[in-house]
Amino acid sequence: MDANVVKILVSSPIFHDISPSQLDIMLDCLKPKINTYSKNSYIAVEGEPYTGLGILLSGEAAIIKESASGSRVIMTVIGPGDLFGEMIAFSPRKHWPASVFAQSTCSVMFLPPEKIIGECTRVCGGYKQLIKNMLVLLSTKALMLNQRVEYLAIKGMREKISIYLLEQYKINQKNTFVLPLKRNELADFLSVSRTALSRELGRMRDEGIIEFYRTSVKINNLAMLRKGAE
């Protein structure tokens, strides 16, 4: 296995606390497949047969839900080491619940679901840790989905933006930070139009609450931002 791939896998949450030597044994047992996808192509399509737990080795991808009319909502954006498809690895459902879209050229490793949930014939030391990591990931994803539902329930534009920026402020622990989402991705995530989002951000800038340039944001008035989240 390529050294760079091993480095990414060791840092991935699915292989947390699993040594490179254990990982090498497990990969030999799991026999994963690695595929490459060009920019603006689909890695997985909602409703199509599930092909296994995916680990992004390079590039950037978005997990999206699309309606029959073609509108879409970005659930999250992932990078190297991040996973997708873990929610149905233990489920009887065998079709992708959402689409995965390559936002740049991507390399993806797929772990066969039957190998993950089945007994390891070699009883390798990392197997129990792998299952433990899966449970942690599933719990974390459930909490994230709950947060997504909370955003959908918020009606006011400024309230949505303020809550999102306050969450990023807490994560980064500083007033200036780079958003993980681009403007159109943030609009999809908050379920608002990009035009309305840009307009409200402009108002917040004019009121002295924030400054922004592309995905970089600076909070100038934390008290007013908190008031907007009420």
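The values are calculated or read from the model by the stated rules, or taken from the named source; none is laboratory data. Remember, predicted model here, so these are calculated numbers, not experimental data. Glycine gets a Cβ as well: all are built from the backbone with ideal geometry, and neighbour counts include every protein chain shown. The protein model used for the area step is the full one, side chains on, heavy atoms only, and it has no ligands, DNA or RNA in it. Shrake-Rupley method; radii C 1.70, N 1.55, O 1.52, S 1.80 Å.
Observations
- The residue that is nearest to ARG72 (Cα to Cα), among those in segment 98-124 that are at pLDDT 90 or above, open to solvent by less than 80 Å² (accessible area, probe 1.4 Å) and assigned to a loop (DSSP other than H, G, I, E, B), is ALA98.
- Test: residue in segment 137-157 that is touching a Phe, Trp or Tyr at 6+ places or on another chain (Cβ under 9 Å), open to solvent by less than 40 Å² (accessible area, probe 1.4 Å) and within 21 Å of GLU60 (Cβ to Cβ): yes
- Hits in segment 199-224 - residues which are of a type outside the set (D, E, K, R) and open to solvent by 90 Å² or more (accessible area, probe 1.4 Å): TYR213
- Subset of segment 26-75 (residues that are part of a loop (DSSP other than H, G, I, E, B) and of a type in the set (Gly, Ala, Ser)): SER38, SER41, GLY47, GLY52, GLY59, SER67, ALA68, SER69, GLY70, SER71
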